[in-house]
1. Just name the residue that is surrounded by the most Cβ atoms within 10 Å (Cβ to Cβ) out of those in the range 50-93 that are under 22 Å from L29 (Cβ atoms) and of a type in the set (A, V, I, L, M).
2. Within the range 31-49, identify whether any single residue is surrounded by 11 or more Cβ atoms within 10 Å (Cβ to Cβ) and modelled with pLDDT under 85, and answer yes or no.
3. I need every pair where a residue in the range 35-59 that is without any contact (Cβ under 8 Å) to a residue 40 or more places away in the chain has its Cβ under 7 Å from the Cβ of a residue that is among the hydroxyl-bearing types (S, T, Y), sequence separation at least 6 or different chains.
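The values are calculated or read from the model by the stated rules, or taken from the named source; none is laboratory data. Just so you know, these numbers come straight off a predicted model, no measurement behind them. Neighbour counts are summed over all protein chains in view; Cβ atoms, including those assigned to glycine, are modelled from backbone coordinates with ideal geometry.
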Amino acid sequence: LADLFTSIKGMLLFLFLPCLCSGQAVPPLLRFSSFLDPSNMVYLRWDHDEQEMITFELQVRTPGWVAFGFSPHGELPGSDIVIGGVFPNGSIYFSVS
């Protein structure tokens with residue numbers, strides 16, 4: 001599982017950077033989706049290909065930042081976390097830890 005989460009971590013970096021750098025986000029065709037909260041403010045879309053590469057898209061209504069994590073056991077220790085947001089001046093930041 002550790003290799004899977006390392007692959008996902010790297011894949012997320014490749015997924016988000018082209019969208020942030022190109023200036024024009026092209027929405028991928030993702031077959032699966034779900035709201036993650038009762039207020040429908042956090043929307044997750046995902047899909048996988050023949051090589052079992054997983055692609056995620058997270059849409060969140062927030063005025064600042066969002067974090068999204070992957071864990072083999074559902075706990076914070078040992079998880080991979082993606083953090084991104086928008087500064088007050090409109091510039092975007094993105095971090096994988």
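1. For the range 50-93, the residue satisfying everything is V82.
2. No, every residue in the range 31-49 fails to be surrounded by 11 or more Cβ atoms within 10 Å (Cβ to Cβ) and modelled with pLDDT under 85.
3. F35/Y43; Y43/S33; L44/S33; L44/S34; R45/S33; W46/T55; D47/T55; Q59/Y43
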